[in-house]
1. Would you be able to tell me the number of residues in the range 100-129 that are in a helix (DSSP H, G or I) and surrounded by fewer than 16 Cβ atoms within 10 Å (Cβ to Cβ)?
2. Considering only the range 47-106, how many residues are at positive phi and more than 25 Å from the chain's Cα centre (by Cα)?
3. Considering only residues that are assigned to a helix (DSSP H, G or I) and closer than 19 Å to Leu6 by Cβ, which ones fall in the range 30-55?
4. What is the number of the single condition among (1) loosely packed, with under 14 Cβ neighbours inside 10 Å; (2) in contact with a strand residue (DSSP E or B) (Cβ under 8 Å, 6 or more places away or on another chain) that Gly95 does not meet?
5. Among the residues of the range 47-62, count how many are in contact (Cβ under 8 Å) with a residue 12 or more places away in the chain and either outside the structural domain of Ser130 (by TED's automatic domain parsing) or surrounded by 12 or more Cβ atoms within 10 Å (Cβ to Cβ) (or both).
6. Suppose we filter Lys242, Lys267, Lys181 for residues that are more than 22 Å from Asn282 (Cα to Cα), surrounded by 17 or more Cβ atoms within 10 Å (Cβ to Cβ) and either among the charged types (D, E, K, R) or without any contact (Cβ under 8 Å) to a residue 12 or more places away in the chain (or both); which single one remains?
7. Please count how many residues of the range 56-93 are part of a helix (DSSP H, G or I) and hydroxyl-bearing (Ser, Thr, Tyr).
Amino acid sequence: MKILFLDAEFVDNQEVIELSIWNHEGMEVYHNFFRPAEIRKWPLSQAIHNISPEDVKDCRSFASCRPEIQSIFDQAEYVVGFATGGDVAHLVKSGIKGFERKQIIDIKHLFWLYVGIGKEIDFYGIPGLSKVAEMLGVEFGEKGAHSASEDTLVTLKCFNALAAMIPGTPYSEPSEETFRKTIECFKKDFAVAKEEYERRKAHGWIHVFKGEDGIYKIIFKKKAPEQSETLVAGIEVGDLSKAESDVLSRYQRRMIQGHRTLFKLTKSDLKSLMAYTNEFGNEEEHNLNKKLLQLRKMMGK
């Protein structure tokens, strides 16, 4: 069982109440309900997955089942799911170990790459499993969505549908070899597409407008500025977050108190600003730039 598909349901987004694990051949290798250790009622969660306290009052705790679950995951090289990161994070919190040594595959990413981009779906706006399944022509069974077993099976079917779209890797037979080739192609394609996506998202413009008495308004936008009488410059940058952080740092002492967009600039300052440029590095650098900018704003600098 080197390839496992999973889905879990939770109470109050904390304790695992149901877990289903399937292999890539379409067999459910593990399924169980669990009695939460600390939470006694979960009306909001129950409204989603329809698992009541009465349903699990005689079930074992997740902790008592953990050795068996751990032994299953110990055999896995790939762990596949829909929004897998959340499920894995909860399982880690619940004591399951070793996920850092496995390849975690998220069906959402495959869907975005092979369907979403063509339909102009934003990477951070990918729909839920029910909608994704509908768009791929995959139907739920009688239990419907939010049953861990049904969700996992549908996730597996969605994977098979998406794998068939990957050029050069016909996934007609669910063997470990074809699965491995499929994932290798996906990861290569995804890395390229995601970097290009982040590059486009990071791109932007510095808008500089002239006011009175050497005061300039500087704002940061995704789009180029429209021409106006007060527009001094539109400065194109590869990483808008970095540009904003750099400008705020460089001209911090020139900022008009209480006005984060207004600066008292000298001719030298303006010349320096007009010459500013930057380029998108990579996703990791861009995310760091965004965090630094948020921190700077929180500190009021």
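1. Taking the range 100-129 first, the residues in a helix (DSSP H, G or I) are 100-101, 107-116, 123-125, 129.
Filter once more, keeping what is surrounded by fewer than 16 Cβ atoms within 10 Å (Cβ to Cβ): 100-101, 124-125.
Residues in the range 100-129 being in a helix (DSSP H, G or I) and surrounded by fewer than 16 Cβ atoms within 10 Å (Cβ to Cβ): 4 in total.
2. Here is the first cut: in the range 47-106, the ones at positive phi are 50, 83, 95, 98.
Imposing the further condition that a residue be more than 25 Å from the chain's Cα centre (by Cα) reduces the set to 50.
Here the count works out to 1.
3. We begin by selecting, within the range 30-55, every residue assigned to a helix (DSSP H, G or I); these are 43-49, 53-55.
Correct list: Ser45, Ile48, His49.
4. (2)
5. We begin by selecting, within the range 47-62, every residue in contact (Cβ under 8 Å) with a residue 12 or more places away in the chain; these are 48-51, 53, 55-62.
Subset that is either outside the structural domain of Ser130 (by TED's automatic domain parsing) or surrounded by 12 or more Cβ atoms within 10 Å (Cβ to Cβ) (or both): 48-51, 53, 55-56, 59-62.
Qualifying residue count, the range 47-62: 11.
6. On the way: Lys242 fails: more than 22 Å from Asn282 (Cα to Cα); Lys267 fails: surrounded by 17 or more Cβ atoms within 10 Å (Cβ to Cβ).
That would be Lys181, the only listed residue that is more than 22 Å from Asn282 (Cα to Cα), surrounded by 17 or more Cβ atoms within 10 Å (Cβ to Cβ) and either among the charged types (D, E, K, R) or without any contact (Cβ under 8 Å) to a residue 12 or more places away in the chain (or both).
7. We begin by selecting, within the range 56-93, every residue part of a helix (DSSP H, G or I); these are 56, 62-74, 84-93.
Narrowing the set further to residues that are hydroxyl-bearing (Ser, Thr, Tyr) leaves 64, 71, 84.
Qualifying residue count, the range 56-93: 3.
Quick grid of which residues meet (1) touching a residue at least 12 places away in the same chain (Cβ under 8 Å); (2) over 24 Å from Glu195 (Cα atoms); (3) in the same structural domain as Phe190 (by TED's automatic domain parsing); (4) surrounded by 15 or more Cβ atoms within 10 Å (Cβ to Cβ):
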| residue | (1), (2), (3), (4) |
| --- | --- |
| Lys217 | yes, yes, no, yes |
| Ile235 | yes, no, no, yes |
| Leu248 | yes, yes, no, yes |
| Phe263 | yes, yes, no, yes |
| Asn287 | no, no, no, no |
| Leu292 | yes, no, no, yes |
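The values are calculated or read from the model by the stated rules, or taken from the named source; none is laboratory data. All figures in this text were calculated on a predicted structure; none of them were measured in a lab. Methodologically, a virtual Cβ is constructed for each residue, glycine included, from the backbone with ideal geometry; neighbour enumeration extends over all protein chains shown.
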